[in-house]
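Structure, as structure tokens:
The values are calculated or read from the model by the stated rules, or taken from the named source; none is laboratory data. From a predicted model like this one, the values you see are computed outputs, not experimental measurements. Neighbour counts are summed over all protein chains in view; Cβ atoms, including those assigned to glycine, are modelled from backbone coordinates with ideal geometry. These area figures cover heavy atoms from the full protein model, side chains too; ligands, DNA and RNA do not enter into them. Shrake-Rupley method; radii C 1.70, N 1.55, O 1.52, S 1.80 Å.
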Amino acid sequence: MSGAVATAGRAIRRLICAKHGGEYGQVYDPGVPGQREAYWVGNCRDCEADIRLEQQAAEELAAQVAEITAEAERRIAADPQYEKVIQELAAADLAKEVAEIVAQHCAMRRPEWESYYRDLAWNQIVAEIEAERKTSILAALQAAER
């Protein structure tokens, strides 16, 4: 900002546009208390021209919506592979999604199943040891009775 100058009840400032590099002036509008805020009036002429061009392009494009829609429908109708390509793309994404769901499910459930089978194996080993000890105790008791 170059600075503001007050002249006869008007505040004016000069700025340099960051986009175009040109200098432009702004006038301060103090606003009306309780109705609207104060603001600086004035913009870079090149920025205003750019905005006008963008608005014109948007208006022309909006006017052509029906034509664009008809052309898109014509191109789709002319493409015999359109539905097949759509179905293949959907199938590929669905397969990827299924793989992700399976991976997530496995990541969540694997610890539970490992714990289950770890407990099952532990119980089998304990049962084998108890059976071996019981057999040796019975053999010792039978030998002691004779």
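Quick rundown of the values:
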read-out	value
Tally of residues being open to solvent by 100 Å² or more (accessible area, probe 1.4 Å) and touching a strand residue (DSSP E or B) at 6+ places or on another chain (Cβ under 6 Å) across region 18-38	1
Residue identified as surrounded by fewer than 10 Cβ atoms within 10 Å (Cβ to Cβ), assigned to a helix (DSSP H, G or I) and of a type in the set (A, V, I, L, M) among 77, 99	77
Residue 106 vs. criteria hydrophobic (A, V, I, L, M, F, W, C) and either closer than 30 Å to residue 26 by Cα or touching a strand residue (DSSP E or B) at 6+ places or on another chain (Cβ under 8 Å) (or both)	no
Candidates 62, 11, 6, filtered to the one that is at pLDDT below 90, open to solvent by less than 70 Å² (accessible area, probe 1.4 Å), at negative phi and part of a strand (DSSP E or B)	11
Top-ranked residue of region 39-63 - restricted to ones that are in contact with a strand residue (DSSP E or B) (Cβ under 6 Å, 6 or more places away or on another chain) and not aromatic (Phe, Trp, Tyr), ranked as nearest to residue 17 (Cα to Cα)	44
